[in-house]
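Let me begin by presenting the structure, written as structure tokens, before commenting on it.
Rule-based calculations on the coordinates, nothing more; no lab input. Predicted model only: the values in this text are computed from it and were never measured. Cβ placement follows ideal geometry from the backbone for every residue including glycine, while neighbour counts extend to all protein chains displayed.
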Amino acid sequence: MRPTQKLIALAATTIATVMSGVLVTAPATATSNAGPPGAEPLSSLVVCSFPPYFPVAGNWDGAGGDGPGALGNAGGEYSWALRNGPNAGQPDYSTFSYGRYAPSGCAVVGNWDGLGGDGPGVVYSNGQTLEWHLRNGPNGGNPDYTVTFL
Ligand SMILES: [Ca+2]
Ligand SMILES: [Ca+2]
């Protein structure tokens, strides 16, 4: 799956998220307290949030298909727990922190460099532009790309 197929697109009236290749949208006027723990009341709806987690999917190891991931809020950062296969078990990678948790942020997944597997990303909005912090590997660290897009 191409990275652009997994990107989350934010617009003034819509938050859209792509998880496992399925685009889900919700009107920003929807009200919900379904954000991650500690989140401020949302003026827009985060789709598929199951506090304290919300799901993502990606081909973390770059082999075969996608696997599930669960994100949480660990002390103000997104915590990522990732599994390679679509089956039960422990995470295949040490749970890591990546991205500053913010009510104006949203996690994304993609194969940003086109090599190996998918990596994490976090998108922040200042209400006018989106800033994408993207990392190649399924681990914590500095972003490999910081991009203002839209
Ligand atoms: Ca895989
Ligand atoms: Ca990659």
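Values computed for the structure shown
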read-out	value
Neighbourhood charge, 14 Å Cβ-Cβ cut-off, centred on LEU82 and excluding it, Lys, Arg +1 and Asp, Glu -1	-2
Residues LEU82, LEU115 arranged by fewest to most Cβ contacts within 10 Å	LEU115, LEU82
Nitroxide proxy distance, nm - points 7 Å out along Cα→Cβ at ASP61 and ASP113	2.0 nm
In nm, spacing of pseudo-spin labels at THR148 and ALA74 (7 Å Cα→C-beta vector)	3.1 nm
Fewest-first sequence of ARG83, ARG100, ARG135 by Cβ atoms within 10 Å of each Cβ	ARG100, ARG83, ARG135
